[in-house]
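No value in this document is a laboratory result; all are computed from the given coordinates. The structure presented is a predicted model; accordingly, all values stated were derived computationally and were not measured. Backbone-built Cβ (ideal geometry, glycine too); neighbour counts: all protein chains shown.
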Amino acid sequence: MARQFPQAAGAPIYGPTVIPPRFYSDFLKKYYRTTVLKSICNTEFDKDITGYGDILNVSQLPDMELFDYYEGMALSTQQNFFKSDVQLKIDQAKGWRVPMNPVFNKQTMHKDFWSRMADDGAKKINIAIDKTVLAGFAALANASNVGATAGVVTQSWDLGTVGSAKTITPDACVPLLLAMEQVLFEQDIMADPDGGSDGVNEDEMYAVVPGWFKSYLMQAKVLQAWLSGDAKSPIRTNSVGHVGNMVIHVSNNLPYTTATKTSPILFGVKKATSFALQLQVAETKDHPTDYGKIMQALTVWGWNVMIDKGVGAAYVKPGALVGPAVEG
């Protein structure tokens, strides 16, 4: 290996046996995408599917049929109490498998190599699951919670479509988020400000937005302290928090169409979507055709939108780029 330090022509040449390269004792930091699955899905059915089975049938309460009554009428009795079960299927799995060669194990300076690789694999599985759920989310939303005429009561909220996404400016962010809240309200879903008895608020509304949307939201005039009168504002703290009754989560795992710059914004309540983790295996075993061991892991899981009126989607794309807003 040639010397790295610049040398003038004719200077003595010293090889790597005299000035050897050094190797850093640790690894470079590795950055991972954040996941939002735990924030938007409930796991209330985990205990029912962990033991055995690949489908969990969840009953729905039938709808009571009302009638107008007048004196002397012959009364009829409701006969139809059938309502299809909602199914949570355990039908997906992710895994990884790598050889642990004993020669490598002996010679490497990184003695924690395999534990670090196992940690990397676990994080990669979490990210892959997150992307899978977010990619399938919009297709399972209630028809009144998507599109240019969303709202089961008013049909007046334009949330954009795949082919005609809404072009977003900073000051369009908050109105869009409030429209999503109204769409849920028209489905009779209201955020519980006090949370549940165990401190977990599964009726808290959420929205999962792409990173650029958060950047635009930070520039919305309505969020600036000098207009709202707050001592602090999201634009100062760089924390989105709540907009209306909605908690805002930012994710790079949302689907993105490069050609049109379109992303969905997913919204709903945690109670509406279920995730179940049935099996996690991490093990080492003898290599069948080589010396040493094989390290492998498997995660088996499933998810579904159980209450479709509790989830929705908007389709958005960024408008003209703008500079950072300036507070007074």
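A few remarks follow.
- In order along segment 280-294, the Karplus-derived 3J(HN,Hα) couplings, from 6.51 cos²θ - 1.76 cosθ + 1.60 at θ = phi - 60°, round to 10, 10, 9, 8, 10, 8, 4, 6, x, 10, 8, 6, x, 10, 10 Hz, and Gly and Pro are given as x.
- Here is how the number arises for the chain: DSSP H runs of 4 or more residues each give -39500 (n - 2.57), the sum is divided by the residue count, and the result at 222 nm is -6000 deg cm²/dmol.
- FRET efficiency for Tyr24 and Lys83, using Cβ-Cβ distance with R0 set to 51 Å, rounded to 0.05: 0.25
- Cut-off 15 Å, label 7 Å out along Cα→Cβ of Ile55, residues of segment 66-93 by amide N: 84-92
- Summed residue charge, Cβ within 12 Å of Ile90's Cβ, Lys/Arg positive, Asp/Glu negative: -3
- The slack in the chain from Ala8 to Met64, taken as 0.36 nm per residue of separation less the alpha-carbon distance, amounts to 11.0 nm.
- The residues packed around Tyr315, meaning those with a beta-carbon under 13 Å from its beta-carbon, carry a net charge of +2 if Lys and Arg are +1 and Asp and Glu are -1.
- Taking 0.36 nm per residue of separation and subtracting the current Cα-Cα distance, fully stretching the chain between Ser76 and Ser115 would add 7.2 nm.
- In Hz, Karplus ³J(HN,Hα) per residue of segment 82-90 (6.51, -1.76, 1.60; θ = phi - 60°; x = Gly, Pro): 8, 8, 4, 5, 9, 10, 10, 9, 9
- Read-out percent of Cα pairs over 31 Å apart, derived from the coordinates shown; its label in [x] 43; [y] 51; [z] 27: [y]
- With Cα atoms, 0 to 90° folded angle of helix 170-186 axis to the chain main axis: 50
- Summarising the label geometry, the points placed 7 Å from Cα in the beta-carbon direction at Ala172 and Thr257 lie 1.5 nm from one another.
- Restricting segment 1-81 to chymotrypsin sites (Phe, Trp or Tyr not before Pro) that sit in a DSSP loop and have at most 12 other Cβ atoms within 10 Å of their own Cβ leaves Tyr14, Phe23, Tyr24, Phe27, Tyr31, Tyr32, Tyr52, Phe67, Tyr69, Tyr70, Phe81.
- Applying 1/(1 + (r/R0)^6) with r as the Cβ-Cβ distance of Asp188 and Lys47 and R0 = 35 angstrom yields a FRET efficiency of 0.75.
- To the nearest ten degrees, helix 113-137 and the longest principal axis of the Cα atoms of the chain are 30 degrees apart.
- Highest-first arrangement of 86-94, 260-268, where packing means the average Cβ count within 10 Å: 260-268, 86-94
- Under Karplus coefficients 6.51, -1.76 and 1.60, residue-wise ³J(HN,Hα) of segment 210-220 in Hz, glycine/proline x: x, x, 5, 5, 4, 4, 5, 4, 5, 9, 5
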